[in-house]
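Reviewing the structure listed below.
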Amino acid sequence: MIRKWMSLPLLLIVFFAFAIALTDYENLYVDTARIFYQTYGYLYTGSLNLVTAIYLDFRLLDTLFEAGILLVAVTGVSYIAQHDQVEHNPLFMLDKFKIPELFVSLARIIYPIVLLFGIYVVFNGHLAPGGGFQGGSILATALLILYYIDLKKKTNLQLIFTIEKVLYLLLISISMISFLTRGEWFTNFIPLESNLLLKSVFLIALNLIIGAKVALGLTAIFISFLKEGR
Amino acid sequence: MIHLPVLFLFLPIVIALIIYLIQSSHIHWLVFPMQLILIVSFIFYVIAWKNDPSIGVLVFGGWDETIAITFLLDALNLTFVGLTIFFFSIIFFYAFKSNYHEKKFFFFLAFLESVFLGLLMTNDLFNLFVFLEVIALLVTLLITYRKGENALKAGLQYLLLASMASILYLIGVLLLYYVFGHLNIALMKDTMPSVLNTNLVKLAYGLIITGIGLKAAVFPLYAWLPKAHGVAPSSVSALLSGLVVKAALYLLMRLHGEMFHAPYEFSTVIFWLGMISALAGVIFAMVQKDLKQILAYHTVSQVGLMFIGLSFNQGNSFLGGWLHILNHAVFKGLLFLAAGVIIKAYQTKKVYDIQGVFKTLPWTASLMLIGILSITGAPLFNGYVSKSMLKYAFKDEMFIMFLFNLINLGTIISFSKVAMMLFGKPHLKVLIKRASISQHLPMTIVAITSLVIGLFYQPLITWIYDIVPYAIHLEDARIYLEYIFWVSLGFNLYYFILKRDYRPLAKIRELTMTFPTANFLLLVFLVSMVAFLYLA
Amino acid sequence: MEPLLSIAVILIGMYGLIASETIIKSVFSATMIESGVILLFLNLGALNGGVIPISDGVNLVIVDPIPQALMITTIVIGSTVTSLALILSIKVFHNNGSIHWKDITK
């Protein structure tokens with residue numbers, strides 16, 4: 001009780017500290033990075049979307065470990081959610097629960113649209129806002145609709161894990177090909193001076209792999225939660 | 001040669017994925033060739049680096065230094081990388097037989113090794129944040145591996161607190177980005193002194209220090225450490241106490257010492273934080289009854305000593321603090337591994353119930369004795385070297401020497417309790433399981449390392465840092481007498497006071513911190529840092 | 001103005017961590033802090049009032065693209081930490097039968 005009241009003035013102090021610090025923000029802001037990306041971003045990487053250029057070409061290492069943390073989280077969540085005992089009655093109370101008819105009919109219309117939209121966002125990551133992570137989340141939402149409709153759906157979780165790890169190995173290998181062709185690590189494997197359309201092959205390939213990985217990962221996390229609940 | 005850091009970073013991940021994908025259990029033997037490759041390539045890299053230090057800079061992607069991620073290896077880094085590879089080899093050796101059939105354990109361990117090496121080698125602030133978060137996640141999974149009741153609670157609290165610390169660190173990093181325009185540590189080091197007096201940089205510094213402070217478990221933010229280290233499986237406890245806590249200390253050296261050039265007279269604050277945390281750690285360690293909790297609270301105290309040493313930026317105390325990091329990894333790892341063997345054999349964790357380990361497990365008991373001698377600072381072992389180097393800067397100030405002796409006394413008392421376990425008659429009724437050769441061998445290697453560092457520390461430091469450290473005269477008989485005096489004083493205090501277990505001591509033992517209180521202390525710490533920076 | 005609002009979101013989240021009695025509220029507060037941080041840096045990056053960073057060198061003032069790329073990573077990391085924290089809290093509830101912090105600390 002007492003610590004709740006004592007923390008309020010402390011939070012106000014932090015707020016004022018931030019407010020004071022942000023007043024001299026305008027004096028200090030350095031512009032060099034932004035101008036560099038504006039002039040050279042498209043030329044060097046072949047992608048109009050500069051944010052995709054950053055996380056898929058200039059700072060690819062961050063993306064590799066971000067995909068890695070998703071992999072670890074999926075494995076970990078499924079490991080912790082495992083019950084040690086055999087399920088006694090996996091369909092307990094599920095037969096008493098009826099999915100509304102309206103939901104099922106609407107899902108029939110929405111499911112292909114969302115799936116198509118997700119694939120569009122993944123493919124066009126380098127031309128419009130989007131990319132692997134964003135499109136992967138949309139695809140995961142589409143796949144989850146299937147689980148809301150049919151509560152007794154059976155899935156092979158081990159297959160999803162195997163595919164995910166193979167995709168991660170593929171991601172690492174594609175990033176490392178650039179060492180053989182250009183002598184630099186973790187960048188586009190097509191040389192720097194070639195046609196801009198050719199360079200986007202690398203971006204599309206990486207976006208596809210990342211999109212598939214994110215979609216499978218998020219679906220696997222959701223399935224682990226469902227299995228734990230049964 | 002210049003490209004070897006990429007091997008250090010990605011080989012364990014690839015091996016981890018291969019171990020998971022192939023079904024049979026015999027593929028687990030693959031970890032040993034992997035460690036061998038890492039050790040051999042590390043030795044080659046160090047030899048090449050000694051000839052030509054400029055090969056330590058590796059820019060990814062061939063872009064300009066201000067917009068690409070870079071790796072930077074120098075004298076500070078390479079020692080930690082070597083320590084990591086050595087320690088992980090020991091842990092793989094130790095945990096191999098008992099976890100032979102568990103794929104996910106090796107997967108998490110190998111991934112942790114890779115990400116930890118990445119944290120030590122990187123030169124980019126946001127990359128550090130990503131690695132910190134992955135380490136927090138992996139450590140939580142390793143703590144809760146056996147899914148015991150206490151392990152799940154400790155893992156949940158650790159995950160939430162570590163995420164909060166990483167986020168505070170992230171806010172600090174992004175404020176720094178707005179000041180400098182890039183995220184390169186080596187470049188920031190050169191241009192930092194001109195902007196040190198602005199409020200924005202002060203706030204960023206306060207946030208980064210709070211984030212690092214929680215990860216390193218100083219007072220008052222140490223609440224998660226005894227809970228997490230006490231309930232993890234033994235090999236994981238050794239790894240946590242020996243290595244993961246040191247990542248935060250490495251960050252302190254890198255960011256506070258090198259990048260910010262030890263600003264705002266903050267060294268005094270860090271010194272006193274370390275002192276209080278060392279004292280609090282031994283007080284709590286003295287009253288515990290559970291073997292692993294004693295060791296875990298003791299880690300808090302030793303980290304306090306390291307903070308004291310690192311608060312100076314050069315000189316013998318700094319070298320003492322840095323050497324203490326290596327030494328603590330070695331002997332705390334040894335103690336945790338030996339404790340794991342003893343607990344598994346006796347099936348209990350309470351110190352008073354275990355007796356007569358010398359008769360039942362003689363080799364383990366002698367290794368544990370070596371560990372205890374190291375940690376209490378016996379001459380000839382490595383604990384004595386680092387502790388006397390730490391005390392070097394204060395040999396003229398009476399009050400601080402008095403506090404140091406108090407901390408040492410507390411250490412001796414708490415380890416007298418552990419040492420009582422080794423003597424006496426065993427009163428077992430159950431059949432014990434002997435430790436196998438695969439567990440004795442790594443512990444013996446660690447014990448020998450402890451002796452080697454204790455005797456040969458001078459050529460070692462000269463080779464790494466090109467500085468000649470303070471000389472310790474081993475022939476001087478006074479140091480042996482001094483040690484025997486402190487040990488007998490501590491043992492008598494233990495026997496006549498602590499063993500009776502008076503009421504106040506039981507009250508201190510029951511003092512645990514709830515999770516909301518830990519968050520409140522984090523906020524108090526942040527506010528006091530910010531207030532000190534703005535007003536001083 | 002907008003950065004200050006995002007800082008307010010972060011501070012409300014911190015208050016939530018201090019004052020919450022149940023485990024689920026703590027996890028929600030942690031998620032809120034992460035969302036607040038993401039909002040803060042997107043706002044700070046957009047303060048120079050430019051257009052979205054999809055350009056091929058045309059001379060329009062664009063927003064700084066680096067905070068946006070960093071925040072993509074942060075969003076993914078935040079969501080994974082939340083999912084792991086949730087599954088751990090479900091398991092703690094099954095073991096102890098209560099979700100209050102008072103009953104959890106031994």
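The values are calculated or read from the model by the stated rules, or taken from the named source; none is laboratory data. Since the structure is predicted, the reported quantities are computational estimates derived from the model, not experimental observations. No Cβ is skipped: glycine too gets one built from the backbone with ideal geometry, and neighbour counts run over all protein chains shown.
A few points about this structure:
- Counted residues, region B:466-493 - those being of a type outside the set (A, V, I, L, M), farther than 17 Å from B:Ile375 by Cα and at pLDDT 70 or above: 2
- Filter result for B:Ser267 (at pLDDT 85 or above and out of contact with any Pro (no Cβ under 6 Å at 6 or more places or on another chain)): no
- Qualifying residue in region B:153-170 (condition: charged (D, E, K, R), at the interface with chain A (Cβ under 9 Å from one of its Cβ atoms) and in contact (Cβ under 8 Å) with a residue 60 or more places away in the chain): no
- Selection count where residues are buried (at least 23 other Cβ atoms within 10 Å of the Cβ) and either under 15 Å from the mean Cα position of the chain (by Cα) or not polar (S, T, N, Q) (or both), scope region B:302-318: 9
- Residue match in region B:253-263 (condition: modelled with pLDDT under 90 and under 23 Å from B:Asn382 (Cα atoms)): yes
- Residue tally, condition surrounded by 13 or more Cβ atoms within 10 Å (Cβ to Cβ), part of a loop (DSSP other than H, G, I, E, B) and within 14 Å of another protein chain (Cβ to nearest Cβ), over region B:480-536: 2
- Hits in region A:161-198 - residues which are touching a strand residue (DSSP E or B) at 6+ places or on another chain (Cβ under 9 Å) and of a type in the set (D, E, K, R): A:Glu184
- For region B:267-290, the set of residues classified as more than 21 Å from B:Phe496 (Cβ to Cβ) and surrounded by fewer than 20 Cβ atoms within 10 Å (Cβ to Cβ) consists of B:Ser267, B:Thr268, B:Val269, B:Phe271, B:Trp272, B:Ile276, B:Leu279, B:Ala280, B:Asp290, listed by residue number.
- B:Gly206 vs. criteria touching a residue at least 12 places away in the same chain (Cβ under 8 Å) and touching a Leu at 6+ places or on another chain (Cβ under 6 Å): yes
- Failed criterion for B:Met192 (all others in (1) at the interface with another protein chain (Cβ under 8 Å from one of its Cβ atoms); (2) assigned to a helix (DSSP H, G or I) hold): (1)
- Residue in region A:184-195 that is over 28 Å from A:Leu127 (Cβ atoms) and either within 11 Å of another protein chain (Cβ to nearest Cβ) or among the aliphatic types (A, V, I, L, M) (or both) present: no
- The C-beta contact set for region B:265-277 (first residue over 11 Å from B:Leu310 (Cβ atoms), second residue surrounded by 17 or more Cβ atoms within 10 Å (Cβ to Cβ) and among the hydroxyl-bearing types (Ser, Thr, Tyr), distance under 7 angstrom, 6+ apart or interchain) comprises B:Ser277/B:Tyr222.
- Residue among A:Glu193, A:Glu184, A:Glu164 that alone is at pLDDT 90 or above and acidic (Asp, Glu): A:Glu164
- Candidate set from region B:62-101 (those that are polar (S, T, N, Q) and within 14 Å of chain A (Cβ to nearest Cβ)); member that is farthest from the chain's Cα centre (by Cα): B:Thr66
- In region B:5-35, residue farthest from A:Leu64 (Cα to Cα) [restricted to those that are in contact (Cβ under 8 Å) with a residue 12 or more places away in the chain and among the polar types (S, T, N, Q)]: B:Ser25
- Complete set of residues in region A:127-167 that are more than 23 Å from B:Ala16 (Cβ to Cβ), in a helix (DSSP H, G or I) and of a type in the set (D, E, K, R): none
- Just one of the numbered conditions (1) of a type outside the set (Phe, Trp, Tyr); (2) touching a Gly at 6+ places or on another chain (Cβ under 9 Å); (3) crowded, with 23+ Cβ neighbours inside 10 Å is not true of B:Lys391: (3).
- Here A:Leu151 meets each of (1) modelled with pLDDT of 85 or more; (2) closer than 19 Å to A:Phe222 by Cβ; (3) out of contact with any helix residue (DSSP H, G or I) (no Cβ under 8 Å at 6 or more places or on another chain) with one exception, condition (1).
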